Structure formats: structure tokens, C-alpha cells
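Everything on this sheet refers to the single structure shown next.
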Amino acid sequence: MVVAFFYVPTGYYLEVPGSAEATSNFVKVDGKHDKKKGDFLLTTVGIVQGSPFQLLKSMGNDFETIYSREDLMGDENSQEYFQVQQYYMKSATNNAIQAAYSAADKPFTKKYLGVYIMDVMDNSDFKGKLQIGDTIDSINGYKFKNANQFINYVKKRKKTATVKISYVRDGKHKSASGNLVKLKQTKRYGLGITLTDNTEAKGNPPTKIDAGDIGGPSAGLMFTLQVYSQIANKNLKDGRIVAGTGTIAPDGTVGPIGGIEKKVYAADAQGATIFFAPDDPVTKLIKKYDPTYVNNYHLAKRAAKKIHTKMKIVPVKNLDDAINYLEKTSK
């Protein structure tokens with residue numbers, strides 16, 4: 001019983017402070033890492049299975065949050081959850097390249113690869129044939145330029161139609177055939193999959209971002225700053241350790257993320273002196289559905305106060321806010 005109390009996993013997980021890692025380790029521009037003094041740090045949260053002891057110990061800890069497996073992963077298994085997080089990271093790095101090259105007025109191209117499968121419904125005829133992480137590049141030989149074209153093509157098929165899907169999995173081209181099914185809570189028929197656009201951005205000079213096993217979209221802003229500083233040849237770090245978090249859109253808009261309190265903790269532990277936090281607008285609609293909602297910036301400020309850090313919490317709504325702050329505060 002004692003061993004079980006300390007070591008046996010429960011059905012619950014703990015979200016805890018993760019790591020703060022230099023983006024220069026993951027980014028190469030024209031085949032080279034950034035060697036300038038200072039660091040841009042991406043920040044992460046850690047997810048661990050909680051034993052009874054760990055769950056009990058975490059109660060009352062402002063920097064550890066308990067989640068059920070369903071709250072964390074929904075209907076996905078661990079492998080599917082990891083694949084979706086990897087997609088979010090890939091999307092974040094593509095957006096980072098677009099935002100950075102646009103801000104630096106450098107040329108880039110955006111290639112459409114197909115639709116990325118986020119989920120396959122239980123009633124889908126493609127259940128067991130397609131899986132999360134596959135990219136569909138044609139249907140019945142028809143090539144499409146975005147997800148909407150794909151959806152509209154499927155909408156025009158008869159409900160008794162059989163369709164042939166061509167897709168890519170782990171770099172290999174495959175195909176599968178199946179019938180349309182009635183989509184839940186609608187009168188329409190479709191493939192029974194959840195999808196999103198899968199794109200690839202390439203710039204000149206070429207940039208490669210390899211985040212390894214790190215998943216999710218929250219490193220978008222920090223990757224963008226790293227890429228921008230290299231392609232624009234600007235020393236934005238100026239010897240400083242600059243951390244932060246936030247999604248990035250191709251137009252440079254910074255979006256909110258989860259677990260920002262743990263990321264502030266991780267950044268402070270790594271010696272950061274600046275932390276960029278998304279200053280997402282709190283709309284009336286958000287307040288209607290969640291009257292207690294607090295935006296990322298204010299959550300980060302609270303966290304910084306609790307750990308008594310001297311790290312400056314800087315609100316950002318877009319990429320320009322971060323660049324301008326670094327330029328104005330450089331030596």
C-alpha cells in the first residue's frame with residue numbers, strides 16, 4: 001500500500017512547470033545557428049501521471065494543476081494526443097516563418113500540402129483506414145487548394161457515393177476507399193473526419209525549425225523572434241535572456257495559451273529578465289461564457305508576484321510589440 005501511494009499512477013495528470021530552452025538550438029537560418037550573446041527562451045509545461053502522493057502534495061500549489069485524462073486528452077489516446085500536439089507545433093513554426101519574413105520584408109513561399117486529419121469519427125467508414133496525422137492530398141483524383149474546396153467537393157457527392165482518398169502517412173503515399181456517412185447533428189453526409197489545412201512555409205534565406213519532441217502552438221512567438229532577428233540581422237537579444245510564450249498568426253498576431261503561470265516559473269528559474277505574455281482582449285462574449293476569465297498577461301503578472309521575481313512581464317498583442325520593446329530597451 002505504501003509503494004502504491006507513492007508510485008502507482010492514477011487516472012489523473014499533473015501540469016507542472018516545464019523547461020525554458022534556447023530557441024537558437026532549434027532554429028537554423030541559411031544552415032547556421034544564432035551565436036550572438038543572450039537567449040530567446042521558449043517555455044513549456046510538463047505533463048506527468050500523478051500518483052496519490054503527488055496529487056495530494058500538489059493541492060494548494062499555485063504552480064501545479066490536476067487534470068483528469070479526459071480533460072487533458074478528450075477521446076484521444078496518448079499517441080493520438082502526441083500527434084495532434086506535433087501538428088500544432090508544425091503549424092506554429094510555419095506561422096513563425098511567415099510572420100518573421102513578412103516583418104523583415106524578406107521573400108517566402110507557402111505551399112499547400114492538403115488537409116491534416118485531426119480526428120476520425122467512430123461511425124466513419126474510414127475508421128481504421130485513416131488516422132490522426134494523415135494528410136489527404138486528393139479525393140477521387142481531385143486536387144484542392146484549401147480545406148474549404150475539399151469540403152465543398154465532398155458536399156456535392158451523393159450520399160450513396162464511394163470515394164477514393166489519397167493521403168500521406170509518415171512520408172509514404174497511400175490510398176483508401178469508403179462510403180460517405182451521415183454527420184452527427186447535421187443533415188449532411190461526409191467522410192466523418194475532423195480536418196484542418198496542412199501547409200509548409202519556406203523563406204529566402206532558408207530557415208529550418210526542428211522542435212524535436214516539443215509539441216503545441218505556444219512557442220510561436222519566441223520562434224518568430226528568433227527567426228526575425230537572424231534574417232533581419234538584428235541583435236534583439238543584446239546579451240539578455242528573453243523568455244515568453246504565445247501563439248503566432250501569419251500576420252504577427254499573438255494569441256493566448258494555457259499554463260502561463262508554470263511558464264513564468266520555468267523562465268525565472270532559467271534566469272530570464274524579460275517575459276513576453278500575450279495580452280489577449282477580454283471580450284464581452286468571453287465574459288458571458290466565463291465570468292472569471294483572466295487574460296494571459298494578468299495571470300503572468302500574478303505568477304511573477306507570487307515567486308517574487310524581478311523578471312519584467314511585458315504584455316504583447318502582436319510581433320511588433322515584442323520587437324519594439326526589445327529595440328527600445330537595448331543598450
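The values are calculated or read from the model by the stated rules, or taken from the named source; none is laboratory data. Computed from a predicted structure; not experimentally measured. As a convention, Cβ positions derive from the backbone with ideal geometry for all residues, glycine included, and neighbour counts pool all protein chains shown. Areas reflect the complete protein model, heavy atoms only, side chains present, ligands, DNA and RNA absent. Shrake-Rupley method; radii C 1.70, N 1.55, O 1.52, S 1.80 Å.
To keep it simple, each residue is scored yes or no on (1) in a helix (DSSP H, G or I); (2) at pLDDT 95 or above.
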residue: GLN79; (1), (2): yes, no
residue: GLN83; (1), (2): yes, no
residue: THR93; (1), (2): yes, yes
residue: GLN98; (1), (2): yes, yes
residue: ASP105; (1), (2): no, yes
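What's the total number of residues in the stretch 262-277 that are open to solvent by less than 50 Å² (accessible area, probe 1.4 Å) and either in contact (Cβ under 8 Å) with a residue 40 or more places away in the chain or under 19 Å from GLY239 (Cα atoms) (or both)? Of the residues in that region, 10 qualify. Can you pull out the residues in the stretch 46-85 that are open to solvent by less than 50 Å² (accessible area, probe 1.4 Å), among the aliphatic types (A, V, I, L, M) and more than 30 Å from ILE193 (Cα to Cα)? If the condition is that a residue be open to solvent by less than 50 Å² (accessible area, probe 1.4 Å), among the aliphatic types (A, V, I, L, M) and more than 30 Å from ILE193 (Cα to Cα), then LEU55 is the only one that fits. Taking the stretch 20-73 and the strands (runs of 3 or more DSSP E) fully enclosed by it, no element has 3 or more residues that are of a type in the set (S, T, N, Q) and under 30 Å from ASN204 (Cβ atoms). Remark: pairs (first residue in the stretch 161-187, outside any strand (DSSP E or B) and open to solvent by 20 Å² or more (accessible area, probe 1.4 Å); second residue modelled with pLDDT under 95 and polar (S, T, N, Q); Cβ separation under 8 Å; 6+ apart in sequence or on different chains) = LYS184/ASN123.
Residues that are under 20 Å from GLU261 (Cα atoms) and of a type in the set (Phe, Trp, Tyr) within the stretch 56-95 comprise PHE63, TYR67, listed in sequence order. Screening PRO107 on (1) out of contact with any Lys or Arg (no Cβ under 7 Å at 6 or more places or on another chain); (2) closer than 26 Å to LYS28 by Cα; (3) surrounded by 12 or more Cβ atoms within 10 Å (Cβ to Cβ) shows it passes everything except condition (3).
On the stretch given as the stretch 315-331, residues that are touching a strand residue (DSSP E or B) at 6+ places or on another chain (Cβ under 7 Å) and either open to solvent by 10 Å² or more (accessible area, probe 1.4 Å) or on the phi > 0 side of the Ramachandran plot (or both) total 4. Number of residues in the stretch 81-127 that are touching a Ser or Thr at 6+ places or on another chain (Cβ under 6 Å) and charged (D, E, K, R): the value is 2. Select from the stretch 121-140 the residues that are under 21 Å from the mean Cα position of the chain (by Cα) and on the phi > 0 side of the Ramachandran plot and list them in ascending order. Within the stretch 121-140, GLY133 is the sole residue that qualifies. Counting only strands (runs of 3 or more DSSP E) wholly contained in the stretch 203-306, the ones carrying 2 or more residues that are more than 15 Å from LEU41 (Cα to Cα) and in contact with a strand residue (DSSP E or B) (Cβ under 6 Å, 6 or more places away or on another chain) occupy 207-209.
If the condition is being touching a residue at least 24 places away in the same chain (Cβ under 8 Å), assigned to a strand (DSSP E or B) and open to solvent by 30 Å² or more (accessible area, probe 1.4 Å), then the stretch 119-142 contributes ASP119, LYS127.
Taken over the stretch 11-30, residues that are of a type in the set (Asp, Glu) and touching a Lys or Arg at 6+ places or on another chain (Cβ under 9 Å) amount to 1. Residue count for the stretch 290-310 satisfying the condition of being open to solvent by less than 10 Å² (accessible area, probe 1.4 Å) and either of a type in the set (Phe, Trp, Tyr) or touching a Gly at 6+ places or on another chain (Cβ under 9 Å) (or both): 1.
Any residue in the stretch 35-51 that is touching an Asp or Glu at 6+ places or on another chain (Cβ under 7 Å), within 17 Å of SER218 (Cβ to Cβ) and free of Cβ contacts under 8 Å to residues at least 60 places away in the same chain? Checked against the condition, which is being touching an Asp or Glu at 6+ places or on another chain (Cβ under 7 Å), within 17 Å of SER218 (Cβ to Cβ) and free of Cβ contacts under 8 Å to residues at least 60 places away in the same chain, the stretch 35-51 yields at least one hit. Which condition from (1) farther than 30 Å from LYS187 by Cα; (2) in a helix (DSSP H, G or I) is the one that THR109 breaks? For THR109, the failing item is (2).
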